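Note sheet for the following structure.
The values are calculated or read from the model by the stated rules, or taken from the named source; none is laboratory data. Keep in mind the model is a prediction, meaning the values are calculated, not measured. In this analysis, Cβ positions are derived from the backbone assuming ideal geometry, glycine residues included, and neighbour counts consider all displayed protein chains.
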Amino acid sequence: MEVQGGQTTSRVGISFPTVEGVEYSIQYSEDLQNWELLGTITGSGGVDQSFYSREEKELYFRILAGN
């Protein structure tokens, strides 16, 4: 997984390789204990790249795979 963003941008980019037909949940957390759903995608077999708005906070991200 690659996360792109910075102090001067209001968006964060997340990219990761996918397996065709597998559903992925992208989640975020402020404390690594409480996770919120950011979005879901269905894998295409290539690299998925998604962009999300972000607030002025430090966030952790994780991706869960499963159907």
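If you go through the range 12-39 and keep only what is aliphatic (A, V, I, L, M) and within 11 Å of the chain's Cα centre (by Cα), you end up with Val12, Ile14, Ile26, Leu37, Leu38.
Across the range 1-19, the qualifying residues are those that are among the β-branched types (Val, Ile, Thr) and not in a loop (DSSP other than H, G, I, E, B), and the one among them that is modelled with the lowest pLDDT is Val3.
If the condition is being in contact (Cβ under 8 Å) with a residue 40 or more places away in the chain and either part of a loop (DSSP other than H, G, I, E, B) or surrounded by 14 or more Cβ atoms within 10 Å (Cβ to Cβ) (or both), then the range 36-63 contributes Tyr52, Arg54, Leu59, Phe61, Ile63.
Among the residues of the range 20-29, the one identified as surrounded by 13 or more Cβ atoms within 10 Å (Cβ to Cβ) and assigned to a loop (DSSP other than H, G, I, E, B) is Val22. Yes or no: Gln33 surrounded by fewer than 12 Cβ atoms within 10 Å (Cβ to Cβ) and at pLDDT 90 or above? Yes.
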